[in-house]
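In what follows, a structure is listed as structure tokens, so that the remarks can point back to it.
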Amino acid sequence: MSQTLPVPLKSLEQWHSPSSRTDVINELIHGVDRYNPTNLSWMEEYLGTQVRDGEYDLLANLAILKLYQFNPQLSNPDVIINILLKSLAATVHGPDFNLCLSLLREPAAILHDIDSEEQSLAVVMPFLQHLHDLIRQCQFTNFWKELNGSSEGATILKEAYIPQHSNFISSLRTLFATSIASSFSRIQTKRLVNWLDLSEDEVKQWAESAQWKVEGDLVEIPGNGDNDVKAGVVKENVELSQLAKLIANAGY
């Protein structure tokens, strides 16, 4: 997502066929080998590229989870957590995170199938679900409070996973700003401090880089079609002949 637009634009083509997807991966996703478990290593490697480069390919990630569903003994908890993190930072109200979650069983069942005693997945999955609920409800202040907190789930994410992701925190801020820009044309700086988890000076710099105008303790967000809705006046012309038919039918 670009930070230079008040509301970044997305097209169906970007969602369905992102430019980062190679022809080989595209063939694996849409071809007859989609459910061939021998291709899993290619798909997992592509996920690693998404994590390192800050790209996102939902359909490819769903294909990985579908292969895990059919071949539970091949499940990789680290891959699962990284997929959930990518979907978490992709959209506020979109279905991405829930689509990924729908292909997963309970963490205990996943760990049992791979005979693993590592419990990170059992801790992190519920925590990510909680974070997703906060994002979906636009409770951005509480989101940052949870992510910056000292709970076991937050600690595991911050120490073992988030550092692997390119621009993860800035992507979240841009995601939240997209939702904010669709609802506000003017907003207090102190609100953005809490919602974007930045200092007041950092908020002003961030707003200017996003082409939002800073005026004292207020930030003006350019009109984008969502935050500048105008009341419409609908005029209808009814012919006398139509009224005559209506009155005649009412008599019966």
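The values are calculated or read from the model by the stated rules, or taken from the named source; none is laboratory data. Quick caveat: nothing in here was measured; it's all calculated off a predicted structure. Cβ atoms come from the backbone with ideal geometry, glycine included; neighbour counts cover every protein chain shown. Note: accessible area is taken over every heavy atom of the protein model, side chains too, but ligands, DNA and RNA are not part of it. Shrake-Rupley method; radii C 1.70, N 1.55, O 1.52, S 1.80 Å.
Restricting attention to segment 167-183, report how many residues are surrounded by fewer than 18 Cβ atoms within 10 Å (Cβ to Cβ) and farther than 17 Å from residue 134 by Cβ.
Residues meeting the conditions: 3.
Which pairs turn up if I take residues in segment 115-136 that are not in a helix (DSSP H, G or I) and look for partners that are not basic (Lys, Arg) with beta carbon separation below 8 Å, at least 6 apart in sequence or on another chain?
Between residues of segment 115-136 that are not in a helix (DSSP H, G or I) and residues that are not basic (Lys, Arg), the close pairs are 116/77; 117/111; 118/77; 118/111; 119/111.
Which numbered condition in (1) part of a helix (DSSP H, G or I); (2) without any contact (Cβ under 8 Å) to a residue 12 or more places away in the chain is the only one that residue 149 fails?
Looking at each condition in turn, residue 149 falls short on (1).
Given the criterion farther than 24 Å from residue 49 by Cα, open to solvent by 30 Å² or more (accessible area, probe 1.4 Å) and over 14 Å from the mean Cα position of the chain (by Cα), identify the matching residue among 133, 78, 113.
Answer to the check: 113.
Residue under question is residue 85, and the condition is that it be surrounded by fewer than 16 Cβ atoms within 10 Å (Cβ to Cβ), within 24 Å of residue 49 (Cα to Cα) and of a type in the set (A, V, I, L, M); does it hold?
Against the criterion (surrounded by fewer than 16 Cβ atoms within 10 Å (Cβ to Cβ), within 24 Å of residue 49 (Cα to Cα) and of a type in the set (A, V, I, L, M)), residue 85 does not qualify.
Looking at (1) open to solvent by 30 Å² or more (accessible area, probe 1.4 Å); (2) closer than 27 Å to residue 210 by Cβ; (3) at pLDDT 95 or above, find the lone condition where residue 11 falls short.
Just one mismatch for residue 11, condition (3).
Within segment 184-200, take every residue that is surrounded by 15 or more Cβ atoms within 10 Å (Cβ to Cβ) and without any contact (Cβ under 8 Å) to a residue 12 or more places away in the chain and give me the one that is nearest to residue 223 (Cα to Cα).
Top of the filtered list is 191.
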